[in-house]
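Single-structure report; data block below.
The values are calculated or read from the model by the stated rules, or taken from the named source; none is laboratory data. From a predicted model like this one, the values you see are computed outputs, not experimental measurements. Because the Cβ atoms are built from the backbone with ideal geometry, glycine has one as well, and the counts that use them run over all protein chains shown.
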Amino acid sequence: MSLNSLDYLIKNKNIKLYFLSGIIGVLTGLIVVAYRFSLSTMTNLRIDIFSKIANGNMNLLLITIFSFIGIAIILDRLIHRHPMIRGSGLPQVRGILLMKFEYNWFKELIYKFVGGVLSVGSGLSLGRGGPSIQLGSQIAYGVRKTFKTKNINEKFLISSGVSAGLSASFNSPLSGIIFTIEELHRYLTPVLLICISLASLSAEVIVRIFLGKKTLFNFQTIIPIDIGLFKNVFFISIFAILVGVLGVVFTTNLLKFQKYYSNLKFSSLVKSLGIFAISIFVGIYFLDIQGVGYQLILKTGYESFSFKVMGILLVGKLLFTILSNAPGFPGGLFIPSLVLGALAGTLFGMTLDKILGLDNYFQQYFMVLGMASFITAVMRIPLTANVLLLEMTGSFEFLPGLILVTIMTYIFTDILNIPSLSSIQYDNLEKNKGIQRKELSKKTTIFTSPIMTGSWLDGMEVYKVKWPYDSLLIKIQRNNNDIIPKGSTKILSGDIL
């Protein structure tokens with residue numbers, strides 16, 4: 001390499017951006033590995049304790065009650081003093097990317113980590129996916145502040161943290177990339193793709209070093225291809241509609257109960273203690289529906305349950321997940337959504353087996369399809385759902401069914417005009433006066449925006465566009481050529497403004 005080439009690499013602004021994205025991936029991988037290890041340790045301890053309590057150990061029950069009171073006090077104080085750590089963290093990340101909110105990144109990183117371990121590890125029906133994503137975004141925010149990069153690069157770095165967080169949480173680097181594009185950006189540029197890919201892959205390397213490279217699920221499923229294409233499509237379509245209805249019921253009631261919970265005329269601490277009291281009851285009598293639910297998916301896949309028990313597990317898990325999300329404790333919905341979808345799929349498969357006189361033929365198949373379908377119904381991310389289940393199962397045999405069920409679920413929920421849960425939660429979060437708002441810089445900032453097919457700008461002349469106040473369109477990139485725009489210049493899909 002010549003000195004001129006080396007000098008170009010050093011001065012190229014994107015090289016620094018790519019380097020920082022890799023650092024973010026490594027740091028996020030380390031933090032999420034520690035987070036997963038802490039959750040696993042607490043979960044194993046909780047299961048052991050509640051199993052002994054169920055067998056009559058009253059001393060452990062008293063210790064658990066006092067411990068849960070302490071956890072409730074800590075969590076109640078954390079979420080009220082630091083509202084940016086509430087819930088899954090996805091609405092907060094969206095606000096950061098839109099430059100509406102601001103992190104006190106180091107404090108909130110610690111509090112999100114501790115709060116997530118306490119709330120998820122103590123048995124509430126919350127997941128690790130959302131918190132892992134927010135932890136990644138907080139690390140990215142800290143890296144950006146530490147290295148004093150330009151404001152224009154903040155979105156690339158935050159997106160890298162998001163991608164790395166999901167990748168490290170589920171051993172799914174491709175899902176991290178797809179999720180960042182599908183949920184947060186809805187467009188793709190080469191620089192964005194390189195940044196999030198570097199971060200996602202770096203995080204995955206760290207996870208493999210510490211936790212190994214096994215897939216989360218390893219189901220030996222028979223794909224029902226000998227029943228005929230028409231029947232298979234028909235069954236999947238019916239199932240997609242049923243899961244879509246279940247997703248709408250879940251989302252609607254979760255939001256209604258959150259509103260009802262906030263309007264209850266008790267102190268926030270008393271309400272938090274009530275949630276943990278219910279959690280203790282659930283842990284003693286219905287241990288399978290307490291906690292994240294990952295073990296319940298494995299049980300559903302490998303053990304036989306009666307139709308009645310499976311129905312009780314589905315209803316119980318749905319209700320307990322709604323209750324657990326009401327206070328806003330740190331925790332997400334990725335794995336609880338997977339559990340609810342798996343239970344719904346197993347019930348549907350059991351029904352088909354009974355009608356057609358088959359023996360456990362459809363159960364695991366629809367269990368996997370149910371996980372992707374329910375995530376699509378609640379979060380409206382069909383591409384991520386498909387890729388996530390492929391990476392979690394390690395099998396491409398599910399792909400045709402996954403594509404069909406997520407498409408049908410998405411179409412059904414779209415017809416009902418149901419927005420994603422995270423977008424509704426973001427709108428609610430914007431109304432929170434305790435959120436730290438970002439003060440926009442008065443310096444000149446240059447940024448790019450791609451024009452997608454179907455955009456309202458596609459085919460419009462520059463002079464007809466109502467541009468934002470105090471903004472200036474300086475050039476249009478089209479087919480690797482720079483165009484200096486005039487008033488009569490037409491904007492086309494594929495352009496980069």
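The table below lists the values:
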| item | result |
| --- | --- |
| Matching residues, the stretch 277-331, being within 15 Å of Leu343 (Cβ to Cβ), buried (at least 19 other Cβ atoms within 10 Å of the Cβ) and in contact with an Asp or Glu (Cβ under 8 Å, 6 or more places away or on another chain) | Leu296, Leu313 |
| Any hit, the stretch 39-57, residues being surrounded by 20 or more Cβ atoms within 10 Å (Cβ to Cβ), closer than 30 Å to Lys150 by Cβ and of a type in the set (A, V, I, L, M) | no |
| Qualifying residue in the stretch 371-389 (condition: assigned by TED's automatic domain parsing to the domain that holds His185, in a helix (DSSP H, G or I) and in contact with a strand residue (DSSP E or B) (Cβ under 6 Å, 6 or more places away or on another chain)) | no |
| Hits in the stretch 314-339 (condition: hydroxyl-bearing (Ser, Thr, Tyr) and assigned to a loop (DSSP other than H, G, I, E, B)) | none |
| The stretch 35-85 - residue that is among the aromatic types (Phe, Trp, Tyr) and farther than 15 Å from Val282 by Cα and, of those, farthest from the chain's Cα centre (by Cα) | Phe66 |
| Test: residue in the stretch 317-331 that is farther than 30 Å from Ile74 by Cα and in contact (Cβ under 8 Å) with a residue 12 or more places away in the chain | no |
| Residue match in the stretch 364-383 (condition: in contact with a helix residue (DSSP H, G or I) (Cβ under 9 Å, 6 or more places away or on another chain), at pLDDT 85 or above and surrounded by fewer than 20 Cβ atoms within 10 Å (Cβ to Cβ)) | yes |
| Pair list, Cβ < 6 Å and 6+ apart or interchain, from the stretch 153-177 residues that are surrounded by 24 or more Cβ atoms within 10 Å (Cβ to Cβ) to residues that are aromatic (Phe, Trp, Tyr) and assigned to a helix (DSSP H, G or I) | Leu166/Phe179 |
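Residue-by-condition table, conditions (1) assigned to a helix (DSSP H, G or I); (2) at pLDDT 90 or above; (3) closer than 22 Å to Ser38 by Cα:
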residue: Gln258; (1), (2), (3): yes, yes, no
residue: Lys271; (1), (2), (3): yes, yes, no
residue: Ala277; (1), (2), (3): yes, yes, no
residue: Ile284; (1), (2), (3): yes, yes, no
residue: Val292; (1), (2), (3): no, no, yes
residue: Lys299; (1), (2), (3): yes, no, no
residue: Ile312; (1), (2), (3): yes, yes, no
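Conditions (1) surrounded by 21 or more Cβ atoms within 10 Å (Cβ to Cβ); (2) in the same structural domain as Ala34 (by TED's automatic domain parsing); (3) of a type in the set (Val, Ile, Thr), marked per residue:
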position	(1), (2), (3)
Val93	yes, yes, yes
Ile110	no, yes, yes
Pro131	yes, yes, no
Phe147	no, yes, no
